[in-house]
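One structure is given below, encoded as structure tokens.
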Amino acid sequence: MPLLSVVVPTLDRPDTLRHALATMARQPANADCEFVVQNNGGNPEIAEMVAGLKDARFRHFASDAVLTMTDNWETALGHASGEYVTFIGDDDALMPYACATAEDILSGRTIDLLSWRAYTYHWPNYYDPAFRNRLLAEIDLTSSARRVSSRNELIRIFGFQAHYAHLPMIYNSFVRRSIIDRMRAIGGRYFIGLSPDVASGIANAALTDSFVRLSRPLSMAGFSRHSTGHALFFETTDLLETSRGARDFGAVDGDPELPDLNALQLFIAKDMLVLKRLLLADDDDVRLDFKALAQALATDINNRPLLYDRTVQTIGELAHTHGFDAADIIIPARLADRPPPGRGVRVTGPNRAIYELDCAALGLDSIADAVRLIAQFVPDQAPFDLAALETSVTVPVLGADELTFTRDGTGVGALIEGWSEPEQWGTWSIARNCVLRFEVRSVPSRPTDVVLACRAFVSEENPDLRAVCRVGNGALQQLTFSTDAFAGLRRLTLDPGAIAADGTLTIRLALSDPRSPADLALGDDVRPLGIGVERIWLDLGVRASQRR
């Protein structure tokens, strides 16, 4: 039995598959791995392509009939014999160091899930010309690793506080066979739902306490004219009504809790509900936040301009079904086209930079080319002690020591509702109503100041922002921001009696008029930005001059 299995399910896509296979063939010859190609429908050109590699590590399997995507993935998984399994799509790629790195980390067989955030590449034949032949890669010069609480990540994903790519999916993780076997024992199969990649991430997280995430990706995700998800959610408005939709998804059952719109967020929500009932029924904290789902639909509304009005209607249907006010959802102004990608290189922190490259200008035309290019900029994996990786605390403790809202910051676990992804400096709110939740272990004996180091998104077009705040069950308070005073320290009063009996403190903020840079023609960011939180602490008598 090999240590690693890399599985490629494919359907009549030799044009992109040949490049995916090339990146697999370039893995070190002595790596303890196998490569499984599942040829859906038995395309003879693909069989010949695999045979032509003359590489014993490749194993080819074919089905006589064309299977649905989920069934083809389950069939492919059945042919993998490795202790750890990962999948790549037939327009994806492995980084040249992928198998060597995974073998080095996993050979001790002490990790259930090794995960990463893949780089992305849009092929020259992608449907949207603005995205064609473009590479997006965020490079961490420290090549760090950290242990992530699976439950914390599920809470954030179900609350639409984090992108689904944060999940330890089989598309961006090596998954130990024991996890796969446990899922099969519970559900009868490993892959469930309409989005088997996302569903696998939910299942993997639900069946583990934690996982290890590398900042150095082992793969690159490709998006081409073949990409089923992009064809369904961006390129067309009615793919499910076509023969391709029937072929790829089979019969699609509705859910009474969700409107009928083929939107990515709703597909993911549907699988969340299925897996919640199957794996997480007893966990009240991991629950689908329908209001946050509606805001996620609104924020991405201009990615599908033809469905703008239908998406607005869907948001209203969600509000009616689940009892929230649709007026709380911030819907961006209509744009004529999908917002274009960025360009160039941007520093995102002391050790991080994002590369958004036009590969055509560099003479490149495939994902294999993109992999060779970006691999030159990726440092070697920094050594780390697995035993020393600590899982983050579930509820941050608010006290005299500062909590930070930066990426991997000590306060990120307090971001309960209405927040975007943490960035190097802190975290933006992206909703009208936002929630922070902390634990207070040493309850003050008298009213105390909660100090926020924060900023607001204001400009000449929206010069003022107000945040009405409630600290615990205390009286309403207000924070104000303007173009003349948009950043700095803000103070809220904490009455000790406002702390809940279990020691938790919830801070709620209602923002007056969050706007997106795109709405105001100030940039391409479509998020409705309001308040940006950087740090928080309790002022227990420490002088401001002693603070950073």
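Taking the conditions exactly as written (polar (S, T, N, Q) and either over 17 Å from the mean Cα position of the chain (by Cα) or modelled with pLDDT under 95 (or both)), does SER173 satisfy them or not?
Numbers: polar (S, T, N, Q): yes; either over 17 Å from the mean Cα position of the chain (by Cα) or modelled with pLDDT under 95 (or both): no.
Here the answer is no, as SER173 does not meet what is asked.
Just checking, does segment 134-141 include any residue being free of Cβ contacts under 8 Å to residues at least 60 places away in the same chain, more than 15 Å from the chain's Cα centre (by Cα) and closer than 20 Å to GLU356 by Cβ? So far as segment 134-141 goes, no, none of its residues is free of Cβ contacts under 8 Å to residues at least 60 places away in the same chain, more than 15 Å from the chain's Cα centre (by Cα) and closer than 20 Å to GLU356 by Cβ. Here ASN125 passes the criteria (1) in contact (Cβ under 8 Å) with a residue 40 or more places away in the chain; (2) under 30 Å from LEU279 (Cβ atoms); (3) over 21 Å from the mean Cα position of the chain (by Cα) except the one numbered (2). Of MET69, MET49, all but one fail to be modelled with pLDDT under 95 and out of contact with any strand residue (DSSP E or B) (no Cβ under 6 Å at 6 or more places or on another chain); the exception is MET69.
Exactly one residue out of SER107, SER63, SER81, SER5 is among the hydroxyl-bearing types (Ser, Thr, Tyr) and without any contact (Cβ under 8 Å) to a residue 40 or more places away in the chain: that is SER63. Among the residues examined, PRO96 does not qualify as out of contact with any His (no Cβ under 6 Å at 6 or more places or on another chain), without any contact (Cβ under 8 Å) to a residue 24 or more places away in the chain and over 23 Å from TYR190 (Cβ atoms). Considered as a group, the residues in segment 133-176 that are β-branched (Val, Ile, Thr) and assigned to a loop (DSSP other than H, G, I, E, B) include one that is surrounded by the most Cβ atoms within 10 Å (Cβ to Cβ), and that residue is ILE170. Pull out all pairs, ordered by first then second residue, where Cβ-Cβ is under 7 Å, the residues are six or more apart or on different chains, the first lies in segment 422-446 and is closer than 21 Å to ASP401 by Cβ, and the second is assigned to a loop (DSSP other than H, G, I, E, B) and hydroxyl-bearing (Ser, Thr, Tyr). As it stands, the answer is PRO422/THR406; GLN424/THR406; TRP425/THR406; GLY426/THR406; THR427/SER420, since those pairs meet every condition given.
Any chance segment 22-35 includes a residue that's of a type in the set (A, V, I, L, M), closer than 15 Å to PHE87 by Cβ, in contact with a strand residue (DSSP E or B) (Cβ under 8 Å, 6 or more places away or on another chain) and in contact (Cβ under 8 Å) with a residue 60 or more places away in the chain?
Within segment 22-35, the first condition is being of a type in the set (A, V, I, L, M), and the residues that meet it are 22, 24-25, 29, 31.
Then drop every residue that is not closer than 15 Å to PHE87 by Cβ, which leaves 24.
Still in the running and in contact with a strand residue (DSSP E or B) (Cβ under 8 Å, 6 or more places away or on another chain): 24.
The next check asks that each one be in contact (Cβ under 8 Å) with a residue 60 or more places away in the chain; those that pass are 24.
Among the residues of segment 22-35, at least one is of a type in the set (A, V, I, L, M), closer than 15 Å to PHE87 by Cβ, in contact with a strand residue (DSSP E or B) (Cβ under 8 Å, 6 or more places away or on another chain) and in contact (Cβ under 8 Å) with a residue 60 or more places away in the chain, which makes the answer yes.
The values are calculated or read from the model by the stated rules, or taken from the named source; none is laboratory data. The structure displayed is predicted, hence computed values, not measured ones. Here the Cβ is made from the backbone with ideal geometry for all residues, glycine too, and neighbour counts use every protein chain on show.
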